[in-house]
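> Okay, handing you the structure first.
The values are calculated or read from the model by the stated rules, or taken from the named source; none is laboratory data. Small disclaimer: the values here were computed from a predicted structure and weren't measured. Don't worry about glycine lacking a Cβ; one is built from the backbone with ideal geometry, like all the others, and counts go over all protein chains shown. Accessible surface areas use protein heavy atoms only, side chains included; no ligands, DNA or RNA. Shrake-Rupley method; radii C 1.70, N 1.55, O 1.52, S 1.80 Å.
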Amino acid sequence: MKVLIKNGTIVTAESEFIADLLLVDGKIDQVGNLTEVEADQVYEAKGKFVLPGGVDQHVHFSFEFNGAKVRGFETSNAAAVGGTTTVIEFVNQDKGRGLIETIDDYRKENAEGIAMVDYAFHGVVTDPSEQLFEDIPKLAEAGYPTVKLFMAYKGMFFHSDDDAIAKCMELGKEAGITMMVHAENADLIDMLQKKCIENGQVEPFYHAVSRPPIVETEATERAINIARLTDAPLYVVHVTTKGAVDAIKRAQAEGMRVFGETCTHYLLLDKSDLAKENFEGAKYVCSPALREEDDRNYLWQSIQKGWLNAVSSDHCGFDWAKQKHMGIDDFRNIPNGAPGMENRLGLLWTYGVETGKLTRSELVNLYATNPAKINGIDYCKGSLEIGKDADVVIYDPSGEYSISVESSLQGTDYNSFEGMTQKGRVEAVFLRGKQIVKDGKYTGHQGQGEFVHGKAFGLAYR
Ligand code: URP
Ligand code: ZN
Ligand code: ZN
């Protein structure tokens, strides 16, 4: 099967140029002036931008909070219409089992035959047992070269203490496994939450009050110190504060292999959203909490300057009417997390590229190329290089749209970015050479997504 995408502006992480792109049997085959080439499908992309399919390295299709579970891979067509062709999902280790068998089983039951875009996995430590430690050196061979530990969420089954982080880092560094952390000080949050509740401060806004920037900054610094102690690489997920970014910058200046991402909602939403009336604020309960203008501005600067490496969605498909309402009397019971995989590219385009904050190449780097490297899948994903998977997005920069839950495929009853303007749209998407989005609509089918085997030695080892 040959697909010829003609006359588009091809955007890579380094540059952009007008050219044709030939996809053959699911791979990028040629780039250049291909007027003589015949193809089974010809796509006219004049005036449009041709981008590599996005890699969203932070999505949750199985996260549970106090018994409430997010929407799963059956909603991954939402990633596709948003220009993401690979998602990387966090899988909690089953207690009493190793990570490899947990993820292998999870993959068979929850992703194979269901996923509508390609997918890879991060393991999440819940049980720092001998089984886990025996598995870490074998993770890369199994295709799961990244592991996350939650420093936050005291008392929850997925919380990890510092000794577990250190042990995992020790083992991981020998095996090309990058340890990731959700960096927030669980004890301080617990103390501040109790104080709020004692004072009758039960509304969603107090989620942010009980998780001030300092709890994230402190935990980020601590995680970096554990990485320093063990001489291991570290990847900090969803960075939101100036203090945390500065800690990462200092570590990098010392030559440490410390990296981080931020997420669309931290760039665009605000702590004040949590104060919305009639419990609407619960829609914005995610951790770390949404910040204020100073931190937001610094996050934009951080992705411009490359201090942070990627922008993810941290997509978490809880609904508001039932699941978020579990915390109507106590914000601590509101499931943490917000949907967003469908809007990542459109938002970065509109509020990054269109405002002059990001070049198109910077966007490509943050939403596709770097996340592919970080997760050891850049041998096939994240760029339009010859020989790589033909995952291609055609972005039409014309027109203005209003983001709304009405047209969303995320399967939730709200959209975190409701009413915000989006400039341009994802017009078409090809997944390994097959068109899965036409005229902005999903046209693929369940099970079309395939597992992507992550390799050892991601960005942290370059
Ligand atoms: O609030 C969030 N971010 N929920 C998803 C789980 C996590 O902490 O990443
Ligand atoms: Zn997290
Ligand atoms: Zn997350």
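> If I require 15 Å or longer along the helix axis, counting alpha carbons, and a Kyte-Doolittle average no lower than -0.5, what helices from the chain are left? Use full DSSP H segments.
162-175, 186-198, 213-230, 242-253
> Turning to a different aspect of this structure: With a 1.4 Å probe and all protein chains kept in place, how much accessible area does residue 121 have, in Å² rounded to the nearest 10?
0
> When DSSP beta bridges are limited to those with both residues in the chain, what percentage is antiparallel, rounded to the nearest 5?
45
> Right, here's the next one. Using 15 Å as the cut-off for backbone N distance, which residues of the range 239-258 belong to the label zone defined by a point 7 Å from the Cα of residue 231 along Cα→Cβ?
Only 255-257 pass the distance filter.
> Could you name the lysines in cross-link range of residue 2, using Cα to Cα under 18 Å and dropping any fewer than eight places away on the same chain?
27, 388, 434, 438
> Something else about it: Let me check I've understood the local charge: for residue 393, count other residues with C-beta under 15 angstrom from its C-beta, Lys and Arg +1, Asp and Glu -1. What total comes out?
+1
> If you don't mind, another one. For residue 94 and residue 163, FRET efficiency with R0 = 25 Å and r from the beta-carbon atoms, rounded to 0.05?
The computed FRET efficiency comes out at 0.75.
> Now a separate question. Per the Kirkwood definition applied to all pairs of different Cα atoms, how many angstroms is the hydrodynamic radius of the range 53-382?
19.7
> Report relative contact order for the chain in percent, whole number only (criteria: Cα-Cα under 8 Å, sequence separation at least 6).
Across the chain, relative contact order equals 22 percent.
> By a straight-distance test (C-alpha under 17 Å), which lysines pair with residue 324 as possible cross-link partners, with residues fewer than eight away in the same chain excluded?
69, 276, 283
> In whole Hz and in residue order, list the ³J(HN,Hα) couplings for the range 144-152 that follow from phi through the Karplus curve 6.51 cos²θ - 1.76 cosθ + 1.60, θ = phi - 60°; x for Gly and Pro.
For the range 144-152, the Karplus curve yields 10, x, 9, 9, 10, 10, 8, 6, 7 Hz.
> Considering Cα pairs under 8 angstrom that are at least six residues apart, work out the relative contact order of the range 328-419 and quote it in whole percent.
Averaging sequence separation for qualifying contacts and normalising by length gives 23 percent for the range 328-419.
> While we're here: Using a cut-off of 20 Å between alpha-carbon atoms, which lysines can reach residue 173, once sequence neighbours fewer than 8 places away in the same chain are excluded?
By straight Cα distance, residue 173 reaches 138, 148, 373, 455.
> If you take every residue apart from residue 180 with its C-beta less than 14 Å away from the C-beta of residue 180, what net charge results, scoring Lys and Arg +1 and Asp and Glu -1?
Around residue 180, the surrounding residues sum to -1.
> Right, something else. For the range 117-127, take each phi angle, set θ = phi - 60°, evaluate the Karplus expression 6.51 cos²θ - 1.76 cosθ + 1.60, and give the result in whole Hz per residue in order, putting x for glycine and proline.
Taking θ as phi minus 60°, the curve returns 9, 5, 8, 9, 9, 10, x, 10, 6, 10, 8 Hz for the range 117-127.
> Probe 1.4 Å, all protein chains in place: accessible area of residue 1 in Å², nearest 10?
Estimated to the nearest 10 Å², residue 1 gives 120 Å².
> How large is ³J(HN,Hα) for each residue in the range 324-341, as worked out from phi by the Karplus curve 6.51 cos²θ - 1.76 cosθ + 1.60 (θ = phi - 60°), to whole Hz, x for Gly and Pro?
Karplus values, whole Hz, x for Gly and Pro: 5, 5, 4, x, 4, 9, 7, 4, 5, 9, 6, x, 7, x, 9, x, x, 5.
> Here is a follow-up. What percentages, rounded to whole numbers, describe P(r) for the range 1-129 computed over all alpha carbon pairs with 10 Å bin width beginning at zero?
Going from the shortest bin to the longest, the percentages are 12, 31, 25, 18, 11, 3, 0.
> If R0 is 51 Å, what FRET efficiency do you get for residue 445 and residue 199 from their C-beta distance, rounded to 0.05?
So the FRET efficiency works out to roughly 0.45.
> Largest first, how would 104, 56 line up by accessible area (1.4 Å probe)?
So, going from the largest accessible area down, we get 104, 56.
> Right, here's the next one. Tell me which residues come under 5 Å, amide H to amide H, from residue 63 once H is placed; ignore anything under 5 positions away on its chain.
Amide H neighbours of residue 63, under 5 Å, 5+ apart: 70.
> Leaving ligands, DNA and RNA out of it, rank 402, 76 by accessible area with a 1.4 Å probe, largest first.
Ranked list, largest accessible area first: 402, 76.
> To the nearest 10 square angstrom, what accessible area does residue 425 show with a 1.4 Å probe?
50
> Counting Lys and Arg as +1 and Asp and Glu as -1, what is the net charge of the other residues whose Cβ lies under 14 Å from the Cβ of residue 32?
So the surrounding residues net to -3.
> At 1.4 Å probe size, with every protein chain present, just tell me what the per residue accessible area of the range 53-382 comes to in Å².
32
> Using amide H atoms built in the peptide plane, which far-off residues or other-chain residues are under 5 Å from residue 452 H to H?
119, 120
> Using a 1.4 Å probe and counting only protein heavy atoms, arrange 106, 414 so the residue with the most accessible area comes first.
Heavy-atom accessible area, descending, gives 106, 414.
> Hey, another quick one. Counting only residues 5 or more places away or on other chains, whose amide H sits under 5 Å from the amide H of residue 30 once H atoms are built in the peptide plane?
It is 22, by chain and number.
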